[in-house]
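As structure tokens, the structure follows; a few thoughts come after it.
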Amino acid sequence: MRLAGKTILVTAAGQGIGRASAIALATEGARVIATDRDAGLLRGLEGMETAALDVTDAGAIAATAGRVGRLDGLFNCAGMVAQGSLLDLTDEDWDRSVALNVTAMMRLTRAVLPGMLDRAAETGTASILNMASMASSVKGFVNRTAYGATKAAVIGLTKAIAADFVGRGIRCNALCPGTVDTPSLRGRIAAAADPAQAERDFIARQPMGRLATVGDITPMVVYLLSDESRFVSGQAMLVDGGVTI
Ligand code: NAD
């Protein structure tokens, strides 16, 4: 059991990468606190503590941080895609993207960090994993202005946290997946003018010739939240099917 004895909180654990990660972390022996804005989606997560948490709600973050106490791990997975180039971008989409993809991550991490520092003082280590994307400072993609900008901010936030707390046992890394087959990706495909072409386009951007499954991503999540990655901090880890070769 690679995560025995660790308590790890996961946001957006209701579906997609967050849900698969919560299951993978629990399978490796972690005590997982699985949270999502939509508590109904957390049904069926066996052997975990589940709780509703809208990470854009500052009051809910404070309450959750008070309740969970000292964490060994935090996976900030919640995020959203606003489609469009700069010419299509509304202030509302920009503000929603910043609020969910960046501000919420900063607030939740800030709220649980004192407890993680206490825990790291005891055990020597605690790990924060922030969900970024290959669409960020790593690479530009069409129609991803707000998404790319906010996921780039995630990488900057990650590096800043890593730099400030590296001497106190805290590691902080970002995860940069390629295109992953999840409910929200299926929604973006279905909403396209030509869904079959949209799916072909999403597949074509991976040189490996397919979409990632959530199971392609979870091994990196487990690694970065386990002590196996004890000498790794401040990194943006790509799992992208060769996009950035
Ligand atoms: P998804 O988009 O299918 O599901 C998102 C989950 O987040 C849902 O369960 C939803 O209820 C929850 N959620 C939405 N708003 C929330 C909020 N305010 N507070 C708490 N929970 C909230 O999942 P996904 O596609 O696996 O995406 C998860 C993360 O991975 C996102 O940050 C996304 O940007 C990132 N990502 C996804 C892909 C991909 O191709 N799917 C690629 C790179 C990065």
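The values are calculated or read from the model by the stated rules, or taken from the named source; none is laboratory data. What you are looking at is a predicted structure, and each value in this text was computed from that prediction instead of being measured. Cβ atoms come from the backbone with ideal geometry, glycine included; neighbour counts cover every protein chain shown. Note: areas computed on protein heavy atoms with side chains; ligands, DNA, RNA excluded. Shrake-Rupley method; radii C 1.70, N 1.55, O 1.52, S 1.80 Å.
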>> Can you give me the orientation-averaged projected area of the convex hull built on the Cα atoms of the range 1-129, in nm²?
In response: 8.3
> Where nothing but the Cβ of Lys and Arg (+1) and of Asp and Glu (-1) is charged, how large is the charge dipole of the chain around its Cα centre, in debye to the nearest 20?
Replying inline: 460
> How big is the gap, in Å, between the Cα center of the range 153-192 and the Cα center of the range 42-113?
Replying inline: 12
>> Loop-only GluC sites (Glu not before Pro) in the range 1-77, please: DSSP not H, G, I, E or B, and at most 11 other Cβ atoms within 10 Å.
In response: 46
> Given H placed 1.01 Å from N in the peptide plane, which residues other than close sequence neighbours of residue 239 have an amide H under 5 Å from its amide H?
Replying inline: 176, 178
>> What distance in nm separates the two pseudo spin-label positions at residue 49 and residue 88, each 7 Å out from Cα along the beta-carbon direction?
In response: 4.2
> What helices in the chain pass both tests, a Cα length along the helix axis of 24 Å or more and a mean Kyte hydropathy of -1.0 or higher, using whole DSSP H runs?
Replying inline: 104-123, 145-165
>> So for each of 33-42, 211-220, 160-169, 184-193 I average, over its residues, the number of other beta carbons within 10 Å; can you give me the resulting order with the highest mean first?
In response: 33-42, 211-220, 160-169, 184-193
> If the cut-off is a Cα-Cα distance under 28 Å, which lysines reach residue 139, setting aside same-chain residues fewer than 8 apart in sequence?
Replying inline: 151, 159
>> If Rh is defined by the Kirkwood formula over all Cα pairs and Rg also comes from Cα, what ratio Rg/Rh do you get for the range 199-245?
In response: 1.07
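For the range 28-92, what does the alpha-carbon gyration tensor say about shape, rounded, prolate or oblate, given a ≥ b ≥ c as the root eigenvalues, a/c under 1.5 as rounded, and a/b over b/c as prolate?
prolate
What's the Kirkwood radius of the chain in Å, using all Cα pairs?
18.0
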> Around residue 169, which amide H atoms from residues at least 5 apart in sequence, or from another chain, sit under 5 Å from its own amide H, with H modelled in the peptide plane?
Replying inline: none
> Hey, what's the range 26-77 come to in accessible area per residue, 1.4 Å probe, Å²?
Replying inline: 46
> If the convex hull of the alpha-carbon atoms of the range 1-66 is projected onto planes in all directions, what is the mean projected area in square nanometres?
Replying inline: 4.2
> What residues have an amide H closer than 5 Å to that of residue 30, excluding those fewer than 5 places away on the same chain, when H is modeled at 1.01 Å from N in the peptide plane?
Replying inline: 3
> Which value, in Å to one decimal place, does the Kirkwood hydrodynamic radius take for the range 66-122 when every pair of different Cα atoms is included?
Replying inline: 13.2
> Viscosity 1.567 mPa s, temperature 4 °C: Stokes-Einstein D of the range 99-245 from its Kirkwood Cα radius, in µm² per second?
Replying inline: 79
> Residue-wise, which Karplus ³J(HN,Hα) couplings in Hz belong to the range 35-45, taking 6.51 cos²θ - 1.76 cosθ + 1.60, θ = phi - 60°, and x for glycine or proline?
Replying inline: 10, 7, 4, 9, 4, x, 6, 7, 4, x, 7
